[in-house]
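Scroll down for the structure; my scribbles are underneath it.
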Amino acid sequence: MRFADWGLTVDQHGGPPIYVTECTTCAEESAASNDKGDPEIWCLRHAGRTGHTGFRATSMTFFRASLIEGVR
C-alpha cells in the first residue's frame, strides 16, 4: 500500500463563486448569484420590507483535488 499526498486548487472549470444570503430571523433566502452585490442588495430590501436585520452570507467555490507528485 502506498500513501499519497493530495492538494486542493480552485477549479477554474467549475465556474465563478456563487453567493447566497439568508435572513436569520425568517430563513428566507436571496437568489443565488455570481455577483455578491445582488444578495447584499436583497438583504437591504428584505430589511426594509420586514425589519429583520440579521443575515448569513454563504459563498460556494469549486475545488479540484489532485495528487502532489514528488512529496514525501
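Worth pointing out:
- Going through (1) free of Cβ contacts under 8 Å to residues at least 60 places away in the same chain; (2) open to solvent by less than 80 Å² (accessible area, probe 1.4 Å); (3) in contact with a strand residue (DSSP E or B) (Cβ under 7 Å, 6 or more places away or on another chain); (4) small (Gly, Ala, Ser) one by one, residue 47 falls short only on (3).
- Where strands (runs of 3 or more DSSP E) sit wholly within the chain, those with at least 3 residues that are on the phi < 0 side of the Ramachandran plot, more than 16 Å from the chain's Cα centre (by Cα) and not charged (D, E, K, R) occupy 6-10, 63-67.
- Of all residues in segment 50-70, those satisfying the criterion of being among the polar types (S, T, N, Q) and in contact with a strand residue (DSSP E or B) (Cβ under 7 Å, 6 or more places away or on another chain) are 58, 59, 61, 66.
Conditions tested, residue by residue: (1) open to solvent by 80 Å² or more (accessible area, probe 1.4 Å); (2) in contact with a helix residue (DSSP H, G or I) (Cβ under 9 Å, 6 or more places away or on another chain).
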{"residue": "6", "(1), (2)": "yes, no"}
{"residue": "10", "(1), (2)": "no, no"}
{"residue": "14", "(1), (2)": "no, no"}
{"residue": "30", "(1), (2)": "no, yes"}
{"residue": "40", "(1), (2)": "yes, no"}
{"residue": "52", "(1), (2)": "no, yes"}
{"residue": "59", "(1), (2)": "no, no"}
{"residue": "63", "(1), (2)": "yes, no"}
{"residue": "66", "(1), (2)": "no, no"}
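- Criterion applied to 32, 4, 27 was being out of contact with any Gly (no Cβ under 9 Å at 6 or more places or on another chain) and at pLDDT below 95, and the one residue passing it is 4.
The values are calculated or read from the model by the stated rules, or taken from the named source; none is laboratory data. Bear in mind that the values here come from a model prediction, so they are computed numbers and not experimental data. Every residue, glycine as well, gets a Cβ built from its backbone with ideal geometry; the counts of neighbours run over all protein chains shown. Calculation scope for accessible area: heavy atoms of the full protein, side chains included, ligands and nucleic acids excluded. Shrake-Rupley method; radii C 1.70, N 1.55, O 1.52, S 1.80 Å.
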